[in-house]
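Worksheet for the structure shown next.
The values are calculated or read from the model by the stated rules, or taken from the named source; none is laboratory data. Computed from a predicted model, the values in this text were never measured in an experiment. Every residue, glycine among them, receives a Cβ derived from its backbone with ideal geometry; neighbour counts consider all protein chains shown. In case anyone asks, the SASA skips ligands and DNA or RNA and just uses the protein heavy atoms, side chains included. Shrake-Rupley method; radii C 1.70, N 1.55, O 1.52, S 1.80 Å.
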Amino acid sequence: MKSIYDIQTLEKRIRDPYQRKKLLNAYLKKALPPEECPEPASEFFQGMELVERHDSKTDGATKLVFQCVEDGGKVEAVVLRIASGRTSLCISSQIGCAADCQFCATGAMGLTRNLTADEMLDQVLLAKRLLREEGRRLRNIVIMGMGEPLHNETNLFQCLETLRDPRFFNISENHLMVSTVGIPDAMLRFREHFPAIQLALSLHSARQDIREKLMPIARFQTLKKLKAILPDLGNSMIEYLMLKDVNDSPEDLAALLDFLQGTNAHINLIQFNAHPSAKYKPVSLDARKAFGDSLKNAGFKVTLRYSLGEDIAAACGQLGEKKEIRTVSD
Ligand code: SF4
């Protein structure tokens, strides 16, 4: 079986450029089901199947559970229907994760394996088909679901190439984002390869001792190394998950201001979503606002981020967590 995302295979199989374009438009851009696409659509292999769907009762989030055809491994992606009418999709890059961030349900699973580029792209394609049925268009894609994307660098790069390729998905680089725990060498390679794709650094603390407790990877990928590369990354997006009595004190704020000094970082202050394996507590909205105001007063752009999908374990840090949920066939 062949991959629809492989241009060499496609060119060999469909020699006429017009026919090739017609197939790709129907299959990937319009996301029609294969039976409604021109042949040889039925020859192409799909590496992922949508096996569960969980719709939030409180907001516009839907968690999608995909099963890998190759080995039965499962990953999750989240559709976010934002109040503005825009639709975003958060996809996974690995089955499990080796980074072991202490606040994250995926981290508690350990790593099973990297996803292939095709398996990442299939999450996008299958979500697009679903949204098409609702009359919605997918606008933004973020790679911040299960896994550390830069631990799967080759496949991540291939996936992003295909997403932005005008012949395939043709998604603007401004609508793509990758989030990382912070691996300086890989971040620099990413920036060289994709100058316009947003790269978000999950910082969560600007104090080395605290960060090491939250994110064991910080022992090797130190704040000093991260600070040294910030100027080479362009506009920095900083993710800061606020945890009560862990990273919300005046000392934490001072360390963050010091770390970001000289940059024009945009800081997302993220609400913590509790899950059974987490030992942390969320910070109150007032405290989060006050922390954000101090950052704003220092000249930084700040967003207080509210996660969608908490009731279906689809919010940030909750993916991979087991919950009683409804399947697509229900
Ligand atoms: S937060 Fe991201 S990098 Fe950290 S353990 Fe979870 S999935 Fe892995």
What length, rounded to one decimal in nm, is gained on full extension from H193 through to K22, with 0.36 nm per residue of separation minus their alpha-carbon distance? 58.7 nm
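Quick check: net charge around H266, other residues with Cβ under 12 Å of its Cβ, Lys/Arg +1 and Asp/Glu -1?
On the way: positive: K296, K301, R305; negative: E239.
Charge balance in the 12 Å sphere: +2.
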Over the C-alpha atoms of the stretch 70-171, what are the Rg and the largest Cα-to-Cα span, Dmax, in Å? 13.9, 41
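Take the eigenvalues of the Cα gyration tensor for the stretch 16-71, scale each by 5, and report the square roots as semi-axes in whole Å, largest first. Kindly include the intermediate steps, with their values, before the conclusion.
Working: eigenvalues 167, 49, 12 Å².
Largest first, the stretch 16-71 gives 29, 16, 8 Å.
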Applied in sequence order to the stretch 113-124, the curve 6.51 cos²θ - 1.76 cosθ + 1.60 (Karplus, θ = phi - 60°) yields integer Hz couplings, x standing for Gly and Pro, of 6, 6, 7, 6, 4, 4, 5, 5, 5, 4, 4, 5
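Summarise the accessible area of the chain (1.4 Å probe, protein heavy atoms) by the percent that is carbon and sulfur.
Details: 7490 of 14970 Å².
So the carbon and sulfur contribution to the accessible surface is 50 percent.
Could you work out the per residue convex hull volume over the alpha carbons of the stretch 88-135, in cubic angstrom?
Values: hull volume 4.2 nm³, N = 48.
In the stretch 88-135, the Cα convex hull volume per residue is 86 Å³.
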When only alpha-carbon atoms are used, what values of Rg and Dmax, in angstrom, describe the chain? 20.1, 64
Please give the per residue accessible area of the stretch 46-312, computed with a probe of 1.4 Å over protein heavy atoms only, in Å². 42
Could you check what % of the DSSP bridge pairs in the chain are antiparallel, to the nearest 5? 50
Starting from one equal scatterer on each C-alpha and no solvent at all, send me the Debye-based log10 I(q)/I(0) for the stretch 224-307 at q = 0.18, 0.25 Å⁻¹, two decimals. -0.78, -1.28
Separation of the T58 and K279 label points, Cα + 7 Å toward Cβ, nm: 2.6
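R189: net charge of surrounding residues, Cβ under 12 Å, Lys/Arg +1, Asp/Glu -1, itself excluded? All intermediate terms of the calculation are to be shown ahead of the outcome.
Working: positive: R191; negative: E153, D185, E192, D232.
That sum, taken over residues with Cβ under 12 Å, equals -3.
In µm²/s, what is D for the stretch 1-148 at 4 °C and 1.567 mPa s, where D = kT/(6 pi eta Rh) by Stokes-Einstein and Rh is the Kirkwood radius from Cα pairs? Walk me through the numbers before you get to the answer.
On the way: Rh = 16.4 Å.
Answer from the Stokes-Einstein relation: 79 µm²/s.
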Translational diffusion coefficient, Stokes-Einstein: compute it for the stretch 116-230 using the Kirkwood radius over C-alpha pairs as Rh, at 4 °C and 1.567 mPa s, and state it as an integer in µm² s⁻¹. 84
Surrounding net charge for P282, when Lys and Arg each add one and Asp and Glu each subtract one, Cβ distance under 9 Å: +3
Take the alpha-carbon centre of the stretch 208-236, take the same for the stretch 82-109, and report the distance between them in whole Å. 20
So what is the 222 nm mean residue ellipticity for the chain from helices alone, if each DSSP H run of at least 4 adds -39500 (n - 2.57) and you divide by all residues, rounding to the nearest 500 deg cm²/dmol? -8000 deg cm²/dmol
Convert each backbone phi in the stretch 16-22 into a coupling constant with the Karplus relation 6.51 cos²θ - 1.76 cosθ + 1.60 (shift: θ = phi - 60°), then list the ³J(HN,Hα) values in order as whole Hz, x for Gly and Pro. 7, x, 5, 5, 4, 4, 4
